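A.B. asks: Before we start, here is the structure in question, set down as structure tokens.
Laboratory data are not the source of any read-out in this text; all were calculated from the coordinates shown. Values in this document were obtained by computation on a predicted structure and should not be read as measured data. We place every Cβ from the backbone using ideal geometry, glycine too, and count neighbours over all the protein chains shown.
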Amino acid sequence: MKAAVIRQFGSPPSWQEFPTPSPEPGELIVSVSAAAVNPLVLTRAAGAHYSAGSDLPFVAGVDGVGRTPDGRRVYFRAPRPPYGALAEQAPVPAGHFLPVPDGVPDVMAAAAAIPGVSCWIPLTRLAPIRPGESVLVNGATGSAGQMAVQVARHLGARSVCATGRDPEKLASVGADRVLDLSGSRDKIRDSVRQLARDTTIGVVLDYLWGPSAEAILAGLGGPQAPRGSSRVRYVSIGSLGGAEVSLPSALLRSSGVEILGSGIGSTSDDDIVAGTREFLDALARVRFRVDTEPQPMSSVEQNWGRTGGGRRLVFTRP
């Protein structure tokens, strides 16, 4: 079969021959129709994600949409290594695929699933929104952040606050309040402090980490931080802005902030499956906005990493 094969970490995959998978016990071979590229796919292909293995070669891609041998249309995730989603076929273990609701096109399901689950699971399981609480999305101009704004509102947030460095894009994400991250650390801290007073921030979904997280945490903690009736649940989802933060002990000890992580290893398989099913059902009903850039899967090498402005690159097969 043909697949997007990674033979060297940090280099784009090549669309080339790779051994055709045979099903092991409990697996189905899915004929892939669409698979998206996202930060997880890119960092695993670069060997930089904490879940990435060290064995080469392997097929890129972590999830997608396709057909089972009996014709069912399914969303699938985590094919058996060294196979991935960017291929003609993928061996998928039982429990790693779900039916795609009618009315949700393949490209939309492939593009929306990971961004949607990245916020759906935190907001329904790790840090559910409480009545009267607002949600702050740190890094709202990418596709995952844009989805988080929509999901937070759908799940009942009092208001949604969004951060980013591009004022024009921030204005288009549909948030109630926006915060430009291009200012100084102190300015961001003070703005967060005011937002927390005005809107009762209960949950932070952080796709950036790094310096912006330090400023936001400083605004939520410390002796001048607003004191609400419930603790602020700060959920780290991504690290596009930096892998580390400086976190003074006094800041946590003087605040009501709880820091949580959401990613591979922090959530049970059962919760991932249930959360994905819930999100796909919501996608069919609500039709969250998903901006996509479809490209033929055979062009994966030429188009690798070609995305931006909140658009999700999706590789397709007939």
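A.B. asks: With springs connecting C-alpha atoms under 10 Å apart, model the chain as a Gaussian network and identify which of VAL290, VAL100, VAL245 has the largest mean-square fluctuation.
C.D. replies: VAL245
A.B. asks: Next up: Quote the FRET efficiency, to the nearest 0.05, computed for ARG125 versus ASP176 with a Förster distance R0 of 30 Å and r equal to the Cβ-Cβ distance.
C.D. replies: Working from the Cβ atoms, E equals 0.80.
A.B. asks: Could you go through segment 172-184 in sequence order and give the Karplus-derived ³J(HN,Hα) for each residue, using 6.51 cos²θ - 1.76 cosθ + 1.60 with θ = phi - 60°, rounded to whole Hz, and x for Gly and Pro?
C.D. replies: Each residue's phi maps through the Karplus curve to give 9, 7, x, 7, 6, 9, 10, 9, 7, 7, 7, x, 5 Hz.
A.B. asks: On each of the three principal axes of the Cα atoms of segment 104-187, give max minus min coordinate, whole Å, ordered largest first.
C.D. replies: Projected onto its principal axes, the Cα set of segment 104-187 covers 41, 31, 18 Å.
A.B. asks: Can you tell me, using C-alpha contacts under 8 Å and at least 6 residues apart, the relative contact order of the chain as a whole percent? Let's see the in-between values first.
C.D. replies: Working: 702 pairs, mean separation 58.8, N = 318.
In percent, rounded to a whole number, it is 18.
A.B. asks: Step by step: find N for the chain, compute 2.2 N^0.38 Å, then divide the Cα radius of gyration by it. What's the final number? Walk me through the numbers before you get to the answer.
C.D. replies: Values: Rg = 19.9 Å, N = 318, 2.2 N^0.38 = 19.6 Å.
Relative to the 2.2 N^0.38 Å estimate, the chain comes out at 1.01.
A.B. asks: Let me ask something else. In degrees from 0 to 90, rounded to the nearest 10, what is the angle of the helix 269-286 Cα long axis to the longest principal axis of the chain?
C.D. replies: 80 degrees
A.B. asks: Also, I was wondering about something else. Test of understanding: what is the full-extension gain from SER22 to ARG185, defined as 0.36 nm times their sequence separation minus their Cα-Cα distance?
C.D. replies: Using 0.36 nm per residue and subtracting the Cα-Cα distance, I get 53.3 nm.
A.B. asks: According to the Kirkwood expression over distinct Cα-Cα pairs, how big is the hydrodynamic radius of segment 115-261, in Å? Could the numbers behind the result be given before it?
C.D. replies: Values: mean 1/r = 0.0683 Å⁻¹.
Taking the inverse mean of 1/r over all distinct Cα pairs, segment 115-261 comes out at 14.6 Å.
A.B. asks: Computed over the Cα atoms, what is the radius of gyration of segment 1-114 divided by 2.2 N^0.38 Å, N being its residue count?
C.D. replies: Normalised Rg, Cα atoms only: 1.00.
A.B. asks: So what's the angle, to the nearest 10 degrees on a 0 to 90 scale, between helix 185-199 and the longest Cα principal axis of the chain?
C.D. replies: Between the helix axis and the principal axis of the chain, the angle is about 80 degrees.
A.B. asks: Would you calculate a helix-derived [θ] at 222 nm for the chain, using -39,500 (n - 2.57) for each DSSP H run of n ≥ 4 and dividing by the full residue count, to the nearest 500?
C.D. replies: Rounded to the nearest 500, it is -8500 deg cm²/dmol.
A.B. asks: Between ALA46, ALA34, ALA140, find the one with the highest GNM mean-square fluctuation for the chain; connect C-alpha pairs within less than 10 Å.
C.D. replies: Evaluated over the chain, the most mobile residue of the options is ALA46.
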